[in-house]
1. Restricting attention to segment 1-24, does a residue exist that is touching a residue at least 12 places away in the same chain (Cβ under 8 Å) and small (Gly, Ala, Ser)?
2. Charged (D, E, K, R), modelled with pLDDT under 85, out of contact with any Ser or Thr (no Cβ under 8 Å at 6 or more places or on another chain) and surrounded by fewer than 16 Cβ atoms within 10 Å (Cβ to Cβ), is that true of Lys56?
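The values are calculated or read from the model by the stated rules, or taken from the named source; none is laboratory data. All values derive from a computational prediction rather than experimental measurement. In this analysis, Cβ positions are derived from the backbone assuming ideal geometry, glycine residues included, and neighbour counts consider all displayed protein chains.
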Amino acid sequence: MKKIKITRETNMQALLFHKPELAGMLLSSGMGCMGCPMAQMETIEEGCRAHGMDDKEIDELIERLNKEELVKDKKKIKVNKRK
């Protein structure tokens, strides 16, 4: 799957469409984005703010989301090399 750079401006629905494996991390951060109609229009920053997160918490979440995506991509590469 295509690697994307996750930023504050990333649309929540687009993120979940392209990277559904990140949904658990959003849920554990208190964001139930999968069932929220606002996810269609909101950015990650807007969703975080709606859930009371400050700038530091938003930056930490985005950093964790990007690291998780990188780990998933590296695991896929390792699996593909074994074939």
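1. From segment 1-24, those touching a residue at least 12 places away in the same chain (Cβ under 8 Å) are 1-13, 15-16, 18-19, 21-22; that's our starting set.
Checking which are small (Gly, Ala, Ser) leaves us with none.
No, segment 1-24 contains no residue that is touching a residue at least 12 places away in the same chain (Cβ under 8 Å) and small (Gly, Ala, Ser).
2. On the way: charged (D, E, K, R): yes; modelled with pLDDT under 85: no; out of contact with any Ser or Thr (no Cβ under 8 Å at 6 or more places or on another chain): yes; surrounded by fewer than 16 Cβ atoms within 10 Å (Cβ to Cβ): yes.
In short, no.
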